[in-house]
């Protein structure tokens with residue numbers, strides 16, 4: 001999956017929250033002073049080229065919609081962070097979180113219970 005910029009991710013959040021959108025609708029989500037229509041259109045087309053959105057034609061315009069879920073995007077980003085900063089070790093990630101966040105043993109036990117329950121449901 002190709003990387004997207006912070007501004008492109010901001011636009012993707014509109015798609016993930018709202019579903020299919022026209023560029024004009026995206027522009028309207030921004031507070032004043034709003035970005036120019038052409039700016040947003042260019043970013044949406046970049047997202048299309050990167051495989052994050054696709055479109056359906058409506059007359060002389062297009063309605064865009066996401067082709068990757070927010071969950072899939074977040075999971076892929078997390079994998080990249082774990083690979084880049086933690087030597088591809090989720091164990092090191094958890095260890096760092098425990099040390100940095102001062103997680104208690106009760107917090108860890110609860111987390112383990114949640115993971116076990118999720119795995120049982122998936123089976």
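Centroid-to-centroid, using Cα positions, segment 79-97 and segment 4-76 are 30 Å apart.
Over the chain, Cα pairs under 8 Å with separation of 6+ residues give a relative contact order of 20 percent.
Compared with the dominant Cα axis of the chain, that is its longest principal axis, helix 105-122 is turned about 60°.
Working note: 222 nm ellipticity from helices only, DSSP H runs with n ≥ 4, each -39,500 (n - 2.57), summed and divided by the residues of the chain, gives -20500 deg cm²/dmol to the nearest 500.
Between residue 55 and residue 113, the contour length at 0.36 nm per residue exceeds the Cα-Cα span by 16.7 nm. One equal scatterer on each Cα of the chain, no solvent, Debye formula: the resulting log10 I(q)/I(0) at q = 0.10 Å⁻¹ is -0.49.
Principal-axis analysis of the Cα atoms of the chain puts helix 6-18 at an angle of about 90° to the longest axis. Using a Förster distance of 30 Å, how high is the FRET efficiency between residue 9 and residue 32, based on the Cβ-Cβ distance and rounded to 0.05? My answer for the efficiency is 0.85.
Across the alpha-carbon set of segment 70-122, the Rg to Rh ratio works out to 1.03, Rh being the Kirkwood radius. Helix 37-49 and the longest principal axis of the Cα set of the chain meet at an angle near 50°.
Any read-out appearing in this document is the output of simple, stated calculations on the displayed coordinates, not a laboratory observation. What you are looking at is a predicted structure, and each value in this text was computed from that prediction instead of being measured. Cβ atoms come from the backbone with ideal geometry, glycine included; neighbour counts cover every protein chain shown.
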